[in-house]
Amino acid sequence: MVPVKKSGMIDRWVKKHLVLYTGATSHPFILSIRDGTIDFSSFKRWLGQDYIFVREFVPFTASVLLKASKNADDSSDMEVILSGLASLSDEISWFKQEAAKWDVPLSDVIVHKSNQNYCRFLESLMLPELEYSVVVTALWAIETVYQESFSHCLEDDSKTPPELLEACKRWGSEGFGEFCRSLQNIVNRCLEKASEEELIKAEVTFLRVLELEIEFWNMSQEGAK
Ligand SMILES: Cc1ncc(CN)c(N)n1
């Protein structure tokens, strides 16, 4: 008999919320990179705002790591999350280099409302009372939106401008995909054991991440409103 692979909660949620998920992972901003029509001023806007976001993302990821060290029932969770945290150091350096290349003064970036909302949401997830299963779901969702999005820009028939290939490879490459799959396995395992209340909280958190990611892409594409 062929063993039937039990699909995890994440697959079920992605199917259930496919419209919102696709909205975040195939946003017009990303599609404009993929088809080569992107307006470089949008890319520069995204660059400056995302630098601010990533700086906020560091303490959030550290807070997930702390919860993993206290609550994870598999010690390898800590190693996966630590590798993600460690790579953010390189990511910040990359943003600084890229900003210099594109003439984006990072010290003068005015934090856009959508970015402020997202950073505030990250702060709310750092509260100690928030369960590990909920915050690791958020970490998975945040990383996966970038992974899926940028991987579209590396597909064979994409016309991604050469100047943007490095950015696309940072998140769209197989290595980052492997990291996201490891996070997905952690989330599925945590959710299998979660209470009904925790499951609802994790699903709501997943949906909020998708909404905030869409708003972030909208801001990058449309500019400050
Ligand atoms: C808004 C946003 N979302 C996700 C990522 C990937 N760490 C990011 N850099 N920025």
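The values are calculated or read from the model by the stated rules, or taken from the named source; none is laboratory data. These numbers were taken from a predicted model, which means no experiment stands behind them. Reconstructed Cβ throughout: ideal geometry from the backbone, glycine too, with neighbour counts over all protein chains shown. We work out accessible area using only protein heavy atoms, side chains counted, and drop any ligands, DNA or RNA first. Shrake-Rupley method; radii C 1.70, N 1.55, O 1.52, S 1.80 Å.
Would you please name the residue that is nearest to Phe29 (Cα to Cα), looking only at residues in region 110-139 that are within 13 Å of the ligand (Cβ to nearest atom), in a helix (DSSP H, G or I) and of a type outside the set (Ser, Thr, Tyr)? The extreme case among them is Asn115. Cβ separations smaller than 6 Å between residues 6+ apart or across chains give no pair from region 12-27 residues that are modelled with pLDDT of 95 or more to residues that are in a loop (DSSP other than H, G, I, E, B). The residue that is nearest to the ligand (Cβ to nearest atom), counting only those in region 66-86 that are polar (S, T, N, Q) and touching a residue at least 40 places away in the same chain (Cβ under 8 Å), is Ser83. Do we find a residue being surrounded by fewer than 20 Cβ atoms within 10 Å (Cβ to Cβ), closer than 21 Å to Val204 by Cβ and among the small types (Gly, Ala, Ser) anywhere in region 119-131? Yes, because at least one residue in region 119-131 is surrounded by fewer than 20 Cβ atoms within 10 Å (Cβ to Cβ), closer than 21 Å to Val204 by Cβ and among the small types (Gly, Ala, Ser). Filtering Glu143, Glu131, Glu213, Glu222 for residues that are at pLDDT 95 or above, over 13 Å from the mean Cα position of the chain (by Cα) and among the acidic types (Asp, Glu) leaves a single hit, Glu131. Looking only at residues of region 24-77 that are of a type in the set (Asp, Glu) and within 17 Å of the chain's Cα centre (by Cα), we find that the one that is farthest from Ser133 (Cα to Cα) is Asp50. Determine, yes or no, whether Glu148 is open to solvent by 80 Å² or more (accessible area, probe 1.4 Å) and within 16 Å of the ligand (Cβ to nearest atom). So Glu148 fails the test.
Among the residues of region 140-159, are any farther than 15 Å from Thr25 by Cα and among the hydroxyl-bearing types (Ser, Thr, Tyr)? Yes, region 140-159 has at least one match.
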